[in-house]
1. Return the sequence-ordered ³J(HN,Hα) values of the range 79-89 in whole Hz as given by the Karplus equation 6.51 cos²θ - 1.76 cosθ + 1.60 applied to θ = phi - 60°, using x for Gly and Pro.
2. May I ask you to evaluate 6.51 cos²θ - 1.76 cosθ + 1.60, the Karplus curve with θ = phi - 60°, for each residue of the range 30-38 and list the ³J(HN,Hα) values in order in whole Hz, giving x for glycine and proline?
3. Show the residues, 5+ positions off or on another chain, whose built amide H is closer than 5 Å to the amide H of R96.
4. What number in nm² do you get for the range 5-173 if you take the convex hull of its Cα atoms and divide its surface by four?
5. Which GluC sites (Glu not before Pro) in the range 1-85 sit in a loop by DSSP (not H, G, I, E or B) and have at most 12 other Cβ atoms within 10 Å of their own Cβ?
6. I'd like the trypsin sites (Lys or Arg not before Pro) in the range 89-120 restricted to DSSP loop residues with at most 12 other Cβ atoms within 10 Å, sorted by number.
7. Which of the trypsin sites (Lys or Arg not before Pro) across the range 1-71 are loop residues per DSSP, with 14 or fewer other Cβ within 10 Å?
8. Compute the FRET efficiency between V151 and T124 as 1/(1 + (r/R0)^6), taking r as their Cβ-Cβ distance and R0 = 41 Å, and round to the nearest 0.05.
Amino acid sequence: MPATFRDQLAILEELQSEVRRMEEGERRARAARAPDPYERELRLAGLAQRIAQSYTIMEGVMSFVARRIDRSPVVGEDWHRKLIERCAQPREEAKRPALVSAGLAVELLELCQFRHVVRNIYPTRLDEARVGENLARLIRVAPAFGTECGVFAASLPKTPSPRARAAGTRRSRS
C-alpha cells in the first residue's frame, strides 16, 4: 500500500492517463467496422472491467483517507456507500476537510454500483448503453476526483520525509 497521500496522488495521475486511453480506444472502436457479436461482447466485458477497476482505484484512495488520516476504517455491510459518504464530509476529529464534494460523491456511488453489477453479472448480459453511460461518467469523474484530492492534499499538514525525520533524530542525539 502506498505510504503517503502524495503516493495516492501519483496513482491518480496514472489513472487519469488510463482513462484518457480508454476514451480514445472507445472512440477508435466506434469508428471501426462493426464487430461480430462475440467481439462486441469481449470489448464490452473488457471495458466494463476497466471501468470497475478504475473505480476500485479511487475507492482505494478513499479507504486510505479513512484508515490513515481519519484513523477509523469504515466497516459494515454497506461500507462502500458509507466510505463515499464519509469522504464527502469534513471530519472534525481528524481535522480534515471533505475529500470530495457532494456532487462527486453521487457520481462515485453510481460507479460503485456499476462495479457491483460488473462483478456479479455474466459478461454476455452487460447492457451496452449502461457501460457507455459509466464510461462517460468515469471520464468526468476521474479528473474531478484527482483535482479534489489535490485540493485535499494541499490542506494536509506538511510532514517531514522519513529521511528528514531520521536526520532530525540523529541531530537531537548529538
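Nothing in this text is a laboratory measurement; each read-out follows from the coordinates by a stated rule. These figures come from a predicted structure and were not determined experimentally. When we count neighbours, we look across all protein chains shown, and the Cβ atoms used for this are built from the backbone with ideal geometry, even at glycine.
1. Whole-Hz 3J(HN,Hα) from phi for the range 79-89: 4, 4, 5, 4, 4, 4, 4, 4, 5, 8, 10.
2. After applying 6.51 cos²θ - 1.76 cosθ + 1.60, I find 5, 7, 7, 4, 5, x, 5, x, 5 Hz.
3. R91
4. Spelled out: convex hull of the Cα atoms, projected over all directions, averaged, 12.1 nm².
5. E77
6. Sparse-neighbourhood loop trypsin sites (Lys or Arg not before Pro): K95.
7. R33, R71
8. 0.50
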